[in-house]
Amino acid sequence: MTRRSFVLRRIAQSLLVIYLSYTLVFAVLFVLPGNPIKDKITNPLNPLPEAVVKPLLEYYDLDLPLWQQYLVTLKRTVTGDLGYSLVNGRPVTEVLAQGLSETLVLASIALAFSVLLALGISLTAVFFPVAAVRNAVRVLPAVFLSTPSFLVGFALLVVFSFRLGWVSSIRDEGFVSYVLPALTLAIAVNAPISQVLIQGLSKAKGEPFVTVLKAKGVPAFTIAGRHILKNGSIPALTLTALTVGDLLAGATIVETVFNRTGIGLITEQAVREQDTPVVMAIVVLVSTLFVVINLVTDLLYPVIDPRITLAARRSPRQRRGSLSRRGRRQVVAG
Amino acid sequence: MTTIETPPTQPGTVPDRGPARRLRLRDVAVVDWVAIVVVAFLVLAVVAPGLLTPYDPLRPDSNAILQAPSSAHPFGTDYLGRDLLSRVVYGTVRTMVGSAIAVVIGLGIGTVLGLVAAYFGGIVDAVISRVVDVLLSIPGLLLSMVIVVALGFGAINAAIAVGVSSVAVFTRLMRSETLTVTALPFVEASHHLGGTRRQVLIRHVFPNSYTAVLSLTALQFGLAILWISSLSFLGYGAPPPQPEWGLLVAEGREYVVSAPWLVVVPGLAITVSVLAISRVSQFVRERVLP
């Protein structure tokens, strides 16, 4: 398989996954008993204003059979029309645009924080001279993984906003306002990265090339920073790309705790009010982001590690045993 | 998708478990003892909550509103004067039963799908694998929220949603384990000894590939506790006034400044149980069933 056909195949695969995730969510929401859109629009207990109901009924073609509704909405989604909110009749694209930049900034800062946290934790856990400290730090990822992010969020909020008064919990103070929510999100998602990085560093530390470098008189700091870190961090990189989805899902909790108007809070409200078109659009958006970022990481591997080639040949048995993520690991190994 | 990765077994090797040794009590580390005691308390709180606390979790007391932790109320009281210890203890059942339902659903469906995919191969495998890929491309918490939209709110629905969301992880592991074991020489040998494909699959492949899936179960149980309490924190799970850990945190958030114990105690209950359960399961896997 040539490099170009590999790239093309991965792009096609990614498009298929995005399409299927749309279909899956449609199936979950519509094929299960009841039709949430119809129920919502014609709910006798919670009537929507007539001015909102009529265009919605017309727009969603609710008299058509389900598979035709599917085709209609699919065609519109592909052309960038995500439908209308069932709560207030506004276009979904407008609703999402409102929160998207906020959440993307939050998620980016959180991603930077979690990479820094993971580096700090794993370097301390592997290289710190005192064994007691190494062992204590090694436990941190498990604790992070077991702590619900609303607890972390409230703890940070109480300590830094209410007790110390460093950050306002209400006013928007630019970057400073992002620190606590981003830290909460980072603590929630950084644990697996730390764990894999600790494993990778410990493994790379025992490789023969480290002994060679030591024998040649290279300072320990240079060995750790320049050689062991580079060699031990490839699996962690894969995992970092995979946490993007968790960042966006985790934003639901974090934005609820800190009361920030982003995609997370919009998701929370849409689920509460069963605003189906908004929920669908969010899922498609998140899964698209996830797939695109993973595709880019996949294609970037040869740039990061020249030993990796994209078009690695796989034996028939390996091919049979590979889902896409396992397959990726084998390509990396090859 | 999950935050916990299980390393795949390399084809052609059987995991080396070392020589079997008898477990001696004095070899058990302090951390493990603590974890075992915590899990024992959790079991007690599920089976007989009345033994751990004298108060009714639902009875308000107008003379004891928002009291700080004291000897009468070790964890303090909430805005209606209800004892927080009782609410946390009685809430254990909901969280644990919900997580158990979720794990049983994920494990059950995932095992069957994984076996079927690996056994039939071809188009069946391709379809199941693609669906798994798709499920993994949607973050688990978000997927369970979608399912909650379809099913409606409630404790059971939240548990089902979390369970369905974890099917993909189980399917993927079961499938790869089945394929790995199928490639081992003893499976070929049992074919040559005259076993039909189905017999070999159920009698030899399945039992040998199941251990890895079981150890994933313990991890997923901890994850299910977190997800279910997150869903009920957002208000999609058990309705108030029933005590449930995530819901307790949500109810306490209004008083987080004046009465932080209302948020901290149920929150820490979640952390401590998840840590203890994963510690105990690791202990059982490594020491009791080596």
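The values are calculated or read from the model by the stated rules, or taken from the named source; none is laboratory data. Note that the structure is a prediction, hence the values are computed from the model and not measured. Note that we place each Cβ from the backbone using ideal geometry, even for glycine, and neighbour counts take in every protein chain shown.
Quick notes on this structure:
- If you check B:ILE123, B:ILE147, B:ILE128 for being of a type in the set (A, V, I, L, M) and at the interface with another protein chain (Cβ under 7 Å from one of its Cβ atoms), only one passes: B:ILE147.
- So A:PHE154, is it surrounded by fewer than 18 Cβ atoms within 10 Å (Cβ to Cβ), over 20 Å from the mean Cα position of the chain (by Cα), assigned to a helix (DSSP H, G or I) and of a type in the set (Phe, Trp, Tyr): no
- Of the helices (runs of 4 or more DSSP H) contained entirely in the range A:29-139, those carrying at least 2 residues that are at pLDDT 80 or above fall at A:66-78, A:92-127.
- Screening A:VAL105 against (1) within 27 Å of B:GLY222 (Cα to Cα); (2) under 19 Å from the mean Cα position of the chain (by Cα) leaves a single unmet condition, (1).
- Any chance B:TYR79 is crowded, with 19+ Cβ neighbours inside 10 Å and touching a residue at least 60 places away in the same chain (Cβ under 8 Å): no
- Against the conditions (1) crowded, with 22+ Cβ neighbours inside 10 Å; (2) within 30 Å of B:TYR79 (Cα to Cα); (3) more than 14 Å from chain A (Cβ to nearest Cβ); (4) of a type outside the set (Lys, Arg), B:GLU244 satisfies every one except (3).
- The helices (runs of 4 or more DSSP H) located wholly in the range A:205-307 that include 2 or more residues which are without any contact (Cβ under 8 Å) to a residue 12 or more places away in the chain occupy A:208-215, A:263-272, A:276-304.
- Restricting attention to the range A:252-277, the residues that are more than 10 Å from every other protein chain (Cβ to nearest Cβ) and among the aliphatic types (A, V, I, L, M) total 4.
- Count of the range A:175-201 residues, restricted to those that are within 13 Å of chain B (Cβ to nearest Cβ) and either among the polar types (S, T, N, Q) or outside any helix (DSSP H, G or I) (or both), is 5.
- Pair list, Cβ < 8 Å and 6+ apart or interchain, from the range B:39-60 residues that are farther than 23 Å from B:GLY81 by Cα to residues that are assigned to a loop (DSSP other than H, G, I, E, B): B:PHE41/B:LEU52; B:LEU44/B:LEU52
- Residue that is within 21 Å of A:PRO192 (Cβ to Cβ), buried (at least 20 other Cβ atoms within 10 Å of the Cβ) and facing chain A (nearest Cβ under 8 Å), where the choices are B:SER273, B:SER229: B:SER229
- Filtered residues of the range A:118-147 (kept if within 22 Å of the chain's Cα centre (by Cα), free of Cβ contacts under 8 Å to residues at least 12 places away in the same chain and facing another protein chain (nearest Cβ under 10 Å)): A:VAL143, A:SER146
- Of the helices (runs of 4 or more DSSP H) entirely within the range B:157-201, those holding at least 2 residues that are of a type in the set (Lys, Arg) and under 30 Å from B:ILE228 (Cβ atoms) occupy B:167-182.
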